[in-house]
Amino acid sequence: MIEPLKHLETTQVEPEQLKARFSDIAPPLTERQAALESARCLYCYDAPCVNACPSDIDIPEFIRQIAQDNVDGAAHTIWSENILGGSCARVCPTEILCEQACVRNKADECAPVLIGLLQRYATDNADTSSHPFTRAQPTGKRVAIVGAGPAGLACAHRLAMHGHDVVIHEAQPKAGGLNEYGIARYKMTDDFAQKEVEFLLGIGGIEIVYGSALGRDISLSQLQADYDAVFLAIGLGSTRTLALGHEEAPGVMSAVDYIRELRSTDDLTTLPVPESAVVIGAGNTAIDMAVQIKRLGAEEVHLVYRRGEEAMSATGHEQALARDAGVQIRTWARPDAIELDNDGRVAGMRFVRTACDENGRLVDSDRSFTLQARAIFKAIGQVMVSDDLAPTLEISGGKLLVDEKLRTTLSGVYAGGDCTGLGQDLTVEAVQQGKQAAESIHQDLMAAGDH
Amino acid sequence: MADLSIEFAGIKAPNPFWLASAPPTDKQYNVERAFEAGWGGVVWKTLGEDPAPVNVSSRYSAMYGPNGDVIGFNNIELITDRPLEVNLREIEDTKRNWPDRALIVSLMVPCEEESWKRIVKLVEQTGADGLELNFGCPHGMPERGMGAAVGQVPEYVEMVTRWCKQYCSMPVMVKMTPNVTDVRFPARAAFRGGADAVSLINTLNSITGLDLDRMVARPIVGSQSTHGGMCGPAVKPIALNMLAEIARDPETHGKLLCGIGGVSTWRGAAEFISLGATSVQVCTAAMLHGFRIVEGMKDGLSRWMDEKGFARIEDFRGMAVANTTDWKYLDMNYKVIASIDQDKCINCGRCHIACEDTSHQAIDKQLLADGTNLYTVKDEECVGCNLCEITCPVDDCITMVAQDTGLPYMNWTQDPRNPFRE
Ligand SMILES: Cc1cc2nc3c(=O)[nH]c(=O)nc-3n(C[C@H](O)[C@H](O)[C@H](O)COP(=O)(O)OP(=O)(O)OC[C@H]3O[C@@H](n4cnc5c(N)ncnc54)[C@H](O)[C@@H]3O)c2cc1C
Ligand SMILES: Cc1cc2nc3c(=O)[nH]c(=O)nc-3n(C[C@H](O)[C@H](O)[C@H](O)COP(=O)(O)O)c2cc1C
Ligand code: SF4
C-alpha cells in the first residue's frame, strides 16, 4: 500500500495498454540478429570495451563464441566474470560503459556493436539445465553475508565456488535487492530477477535467511563471532530529505518507495496515479520515476533539477528516454516550498530559479515559479542506514570505508556495492565488488588457514 | 562512354559479360530473359547424348562468410537433363531471336570420334556461334569417362579438340578443369589440337562442410553425400592464377582466353580482362541474385574505363600479364614499410596482435594517459609483409609506403645472397 498517495485515484489507462507500456523496452535479439550483430565485432586486442566494463567480461571472446554458434560457451565466458550477466545485460547503461568504448563508434561509423543485447542473447539462450560452475573441495569455512542484492549474491556465488559455505541474511522477503525492488519495470520483465537468483543458487552451498535484518534480528558482533568472515552488502536504505516544510504531507513520497510498489505489484491498475507530478532529482532514479509515472497515466510530469542538463547524472540516453515519454525536464530550479490544498494535501511546488555564479557556485535568483502537482517524488539520492554499524565501522562520506581489497576497518568484515564509496552506484559495479570481496575473503581465509 | 563490345574468335558480342554453362542457360526461357537483362552472350548448359542424365535431389551446398553471404558454392548436378532434340530446337530459336548476342554451345559426349562428329554437326545446324568443350565437370561425369576425366589427360584434350575442328567450321573453345597440378599442359594440348580459345575455370573438387549431427557432408542425398564442384568468390584467386599461367606461358601467350570463376562484380571482370581474357563468364553470382546483376557490372566497368581513359576492352586487355612474373625476377631491393594514420586509427589493436604473434613484433603498443592505446610501427623491424594492412578494419588507415632505398633493381638471380646464383 502506498500510504502517502492513498487519496489519489488509480490509473485510467486500459490494462492492455499498461501491459504494453511496461513490456520489455529493449526486446531480445533473434538468432538471426545475433548472428549479424556478432559478426560486426572486430575481435579487438586489448579491447577498449573490456577496459570499460566494470566487471571485466571478455567481451570479444563471448561475441566470437556467439558468432561461432557456441551460445553456452558465450554465456560461460560472461558468467565466469559476472554471474549476474543476465541482469547487467538489461540494466547496464552501456552507452557510458562498454558500448561507449566500442571502436565501431569511430571510423565514420558511429554504430557500436550492441554488446548489451548480445550479452542478453547469450545468457538468455544458454542451457542452464545444470549449473555451469562446480564447487571446489569444501574448505570448512563459513561466511555470513548481509544483503542479497547484486553485491551480496555475486560474493556468495564466488565464495561457494571456492568451497566455502555461505549464509545470507536478507531483510526483505525476496532476494535480488534493487534488481527485484528498484530497476525500472520495463528494463527487467517476466520476474527475471527471481529466475536469476534461482540460477545463481544452483551452485549450492548458499543459504538465504529471509526477513532477517542486521540491527533488528542479528548484530554484527554476533555474525563476527559465528562466522569466519562477514560481507556487508546492504545497499542504500533511505532517501535524502528535501529539508522543506510539509514533507510529511499526503502527496510527498520517496521515488524509491513508489518504485518498490510498482515493481512488486501483480496488478498495475491498483497503483495510485496523480494527474500531475513533480520529480525532484537528476539521476537515473529520477528518470525512472518520471517515465514510469508518465506511462502509468500521469498527464503532466515535470522533472526538476537545480543545475543544467550537462550536470545531470542520468545519461543522455536516459534523458532522451524521459523526453520521448513526454516528461518535461526543467533545469536551473530549486524546490522552495511544498504547496498544499485546503485538505492539507499536496497541490503544487514552488521553485526558485537558480544560476551559477562566476565561481561555479549555485546561487538563487530573484525569480520563482510554481508547478501544479498532486504528487511530489523525491529522487535526490539514497543514503546508507548506518545506525547499526557506526561507530564500530568507519564511515566516509556517508558510506562504508573500504580499501581496494574491499576490507572495512574491522578485521574480518568486508563490504561492497552501493554501501561503499567505491565506483558508481550501478548493478555491474556491485557485482564486481561482490566478486572482488569474495576473492579477498578467500585469500585471507586460506592464508589464515596455512598457519 | 566506353565501348564494351568485343569480338571473340569472330563472334561479336555487345559486351564481355557472358553466362557460363550452367542451370541459368539450360533453356530458352532463361536465356532469353538473360538477353533481355543485357547479357552479351551465353554458353548453353552442356549437351550430351541421349538418354539425358538423371539428377539427384538435394544438389547444392555453400560455404558462408560471417554475414551469411555465400563465399563458395558447390553442386553435384550433371550436364543437361533435357532431351538433346529439345535443347537443339531451343538453341536455334533463341539464336534467331537474338542475332546480336554470342550463343555458344557446351558439349560433352563419350571420348569417341563418332560421338563428337555426330553432335558437332547437329549443333552447327542450329546456327549457334561456337562450341565450348566441357572437359571440366569434376563430379559424376568423370565416373563415366567424361568431363574432368578428359581434361586431366592432355592427349585426350588434344585429340577431341582436333575431331571437333575437323567436323565443323565453328570456333571451338576448350573449357579447362582446375583439378590438375599444372593447367598449362592441357591448355597447350588444346591449342595444339586447333582450339580457337580456352575458357577457365570449371569447378573445383570440394566438400563445403558437414552436418555434424548426421556425420555427412553437404549436399545430403539420403544419408550420403559426394564431393561436388565448387565455384563462386572463393575460387576467383585460383582462376586468376591459372589464367595468368596460360597468358604468360611462351607456348600459349597471346592466345584467346575466356575468364571464369567467381566473377560477381565489374571489378572481378576487369581483373580477368587485365590478365588477358577477352570475355568473362558468370555463373554463381547470377544463380544467387538473378540476371539483373549484369546491369551494375556493365555500368561499373564502363565508368571505370572512362575514368582510366580506356575506350575499348582491347585497350587494357592483358595489361597486367607482363607484370606477373616468377618469384626469382622480383626486385630484392624494393622495400615498403607500414604506416598508420593515427587520425583514422580506431584502436582495435588488431595490427599489433597480428604482427606480435606473426614473428615480426614491429607494431608497438603504448598505453596513453587517457587509457587508450597508441599503436606505432617500428620501422626498423617492419619487413613490409602487408599483414597489418590486411587485418586493419579501417579503409586506408594502414598503408604500405614505398621506401627510397637508393638501390637499383636486382632480382634473385643477380643477388649475391643467392648461393645458386647463375
Ligand atoms: C530506482 C533505481 C533504479 C536503478 N536503475 C539502475 C539501472 O538501470 N542500471 C544500473 O546499473 N543500476 C541501477 N540502479 C542502481 C543499482 O540498482 C544498484 O547500484 C545495485 O542494486 C546495488 O547493489 P547492492 O547489492 O549494493 O545493493 P542493493 O541492490 O540495494 O541490495 C541491498 C540488499 O540488502 C538488503 N538489506 C539492506 N539493509 C539490510 C539489513 N540491515 N539487513 C539485512 N538486509 C539488508 C536489502 O533488502 C537488499 O536486498 C538503480 C537504483 C535505483 C534505486
Ligand atoms: C549448378 C552448376 C552447374 C554447372 N554445370 C555446368 C555444365 O553443365 N557445364 C559446364 O561447363 N560448367 C558447369 N558449371 C560450371 C560453371 O559453368 C562455371 O565454370 C563455374 O561455376 C565457375 O564460375 P562462377 O564462379 O561464376 O560460378 C556448373 C556450375 C554450377 C554451379
Ligand atoms: S531449389 Fe528450392 S525448392 Fe527447388 S528446386 Fe531448388 S530449391 Fe527447390
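The values are calculated or read from the model by the stated rules, or taken from the named source; none is laboratory data. What you are looking at is a predicted structure, and each value in this text was computed from that prediction instead of being measured. A quick note on method: Cβ atoms are made from the backbone with ideal geometry, for glycine too, and the neighbour counts reach across all protein chains shown. Just the protein is used for accessible areas: all its heavy atoms, side chains included, with ligands, DNA and RNA removed. Shrake-Rupley method; radii C 1.70, N 1.55, O 1.52, S 1.80 Å.
Among the residues making up the stretch B:86-107, those that are in contact with a Gly (Cβ under 9 Å, 6 or more places away or on another chain) and either modelled with pLDDT under 95 or more than 21 Å from B:Ser279 (Cβ to Cβ) (or both) are B:Glu92, B:Arg96. Residues that are more than 21 Å from B:Cys164 (Cβ to Cβ), touching an Asp or Glu at 6+ places or on another chain (Cβ under 9 Å) and away from ligand 2 (no atom under 14 Å from the Cβ) within the stretch B:65-92 comprise just one, B:Pro83. Restricting attention to the stretch B:42-67, the residues being open to solvent by less than 40 Å² (accessible area, probe 1.4 Å) and assigned to a loop (DSSP other than H, G, I, E, B) number 5. Hey, among A:Leu393, A:Leu445, which residue is more than 16 Å from ligand 1 (Cβ to nearest atom) and away from every other protein chain (no Cβ under 14 Å)? It is A:Leu445. Across the stretch A:88-100, which residue is nearest to the other protein chains (Cβ to nearest Cβ) among those that are hydrophobic (A, V, I, L, M, F, W, C) and touching a Lys or Arg at 6+ places or on another chain (Cβ under 8 Å)? Applying the filter and picking the extreme gives A:Ala89. In the stretch A:101-127, the residue that is farthest from A:Asp24 (Cα to Cα) out of those that are within 12 Å of chain B (Cβ to nearest Cβ) and either crowded, with 17+ Cβ neighbours inside 10 Å or in contact with a Phe, Trp or Tyr (Cβ under 6 Å, 6 or more places away or on another chain) (or both) is A:Ala107. Do we have any residue at all in the stretch B:315-323 that's in contact with a strand residue (DSSP E or B) (Cβ under 8 Å, 6 or more places away or on another chain) and either more than 16 Å from ligand 1 (Cβ to nearest atom) or open to solvent by 40 Å² or more (accessible area, probe 1.4 Å) (or both)? The answer is no, given that none of the residues of the stretch B:315-323 is in contact with a strand residue (DSSP E or B) (Cβ under 8 Å, 6 or more places away or on another chain) and either more than 16 Å from ligand 1 (Cβ to nearest atom) or open to solvent by 40 Å² or more (accessible area, probe 1.4 Å) (or both).
Taking the conditions (1) touching a Pro at 6+ places or on another chain (Cβ under 9 Å); (2) surrounded by 21 or more Cβ atoms within 10 Å (Cβ to Cβ); (3) hydrophobic (A, V, I, L, M, F, W, C) in turn, A:Ala67 satisfies each one other than (2).
Each residue in the stretch A:33-61 was checked for being within 11 Å of another protein chain (Cβ to nearest Cβ), within 19 Å of A:Val91 (Cβ to Cβ) and surrounded by 23 or more Cβ atoms within 10 Å (Cβ to Cβ), and 1 pass. Just name the residue that is least open to solvent (accessible area, probe 1.4 Å) out of those in the stretch B:139-161 that are of a type in the set (D, E, K, R) and at pLDDT 90 or above. It comes out as B:Glu158.
Going by the structure shown, is A:Val327 modelled with pLDDT of 95 or more and over 12 Å from A:Ile280 (Cα atoms)? Here the answer is yes, as A:Val327 does meet what is asked. Scanning the stretch A:387-446 for residues that are assigned to a strand (DSSP E or B) and polar (S, T, N, Q), which turns out modelled with the highest pLDDT? Restricting to residues being assigned to a strand (DSSP E or B) and polar (S, T, N, Q), the top hit is A:Thr420.
Checking the stated criteria, A:Leu244 turns out to be surrounded by fewer than 17 Cβ atoms within 10 Å (Cβ to Cβ) and among the aliphatic types (A, V, I, L, M). The residues of the stretch B:15-27 that are crowded, with 18+ Cβ neighbours inside 10 Å and either more than 21 Å from the chain's Cα centre (by Cα) or not in a strand (DSSP E or B) (or both), listed by number, are B:Asn15, B:Pro16, B:Ala20, B:Ser21, B:Ala22, B:Pro24, B:Thr25, B:Asp26, B:Lys27. Evaluated against (1) on the phi > 0 side of the Ramachandran plot; (2) within 16 Å of ligand 1 (Cβ to nearest atom), A:Ile380 falls short on exactly one condition, (1).
Pairs are defined by a Cβ separation below 7 Å, a sequence spacing of at least 6 or placement on different chains, a first member in the stretch B:63-85 that is outside the structural domain of B:Pro233 (by TED's automatic domain parsing) and farther than 24 Å from B:Gly209 by Cα, and a second member that is away from ligand 1 (no atom under 16 Å from the Cβ) and modelled with pLDDT of 95 or more; no pair meets this definition. So in the stretch B:192-226, with the set limited to residues that are surrounded by fewer than 21 Cβ atoms within 10 Å (Cβ to Cβ) and among the charged types (D, E, K, R), which one is farthest from ligand 2 (Cβ to nearest atom)? Selected residue: B:Asp213.
So that you can scan it fast, the table gives a plain yes or no per residue for (1) more than 6 Å from ligand 1 (Cβ to nearest atom); (2) small (Gly, Ala, Ser); (3) buried (at least 24 other Cβ atoms within 10 Å of the Cβ):
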| site | (1), (2), (3) |
| --- | --- |
| A:Pro150 | no, no, yes |
| A:His157 | yes, no, yes |
| A:Met161 | yes, no, no |
| A:Val167 | yes, no, no |
| A:Ala171 | no, yes, no |
| A:Gly176 | yes, yes, yes |
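Considering B:Pro110, B:Pro83, the condition of being open to solvent by 30 Å² or more (accessible area, probe 1.4 Å) and at pLDDT below 95 is satisfied by B:Pro110 alone. Residues that are more than 16 Å from ligand 1 (Cβ to nearest atom), within 14 Å of chain A (Cβ to nearest Cβ) and modelled with pLDDT of 95 or more occur in the stretch B:59-73; there is at least one. Taking each residue of the stretch A:55-71 that is more than 24 Å from A:Ala154 (Cα to Cα) and looking for partners that are basic (Lys, Arg) with beta-carbon atoms closer than 9 Å, six or more apart or interchain, yields A:Asn70/A:Arg64. Within the stretch B:291-312, if we keep just the residues that are without any contact (Cβ under 8 Å) to a residue 60 or more places away in the chain and open to solvent by less than 40 Å² (accessible area, probe 1.4 Å), the residue that is farthest from B:Asn202 (Cα to Cα) turns out to be B:Gly300.
Considering the stretch A:372-386, the residues that are part of a loop (DSSP other than H, G, I, E, B), modelled with pLDDT of 85 or more and not hydrophobic (A, V, I, L, M, F, W, C) include one that is surrounded by the fewest Cβ atoms within 10 Å (Cβ to Cβ), namely A:Gly381.
What do you reckon, is B:Lys95 open to solvent by less than 50 Å² (accessible area, probe 1.4 Å) and either among the charged types (D, E, K, R) or more than 16 Å from ligand 1 (Cβ to nearest atom) (or both)? Answer is yes for this residue. Take B:Arg89 and decide whether it is surrounded by fewer than 18 Cβ atoms within 10 Å (Cβ to Cβ), free of Cβ contacts under 8 Å to residues at least 60 places away in the same chain and either within 16 Å of ligand 1 (Cβ to nearest atom) or under 18 Å from B:Gly127 (Cβ atoms) (or both). So B:Arg89 fits the description; yes. Which fully enclosed strands (runs of 3 or more DSSP E) of the stretch B:328-422 have 2 or more residues being within 12 Å of another protein chain (Cβ to nearest Cβ) and touching a strand residue (DSSP E or B) at 6+ places or on another chain (Cβ under 7 Å)? Per the criteria, B:363-367, B:373-377.
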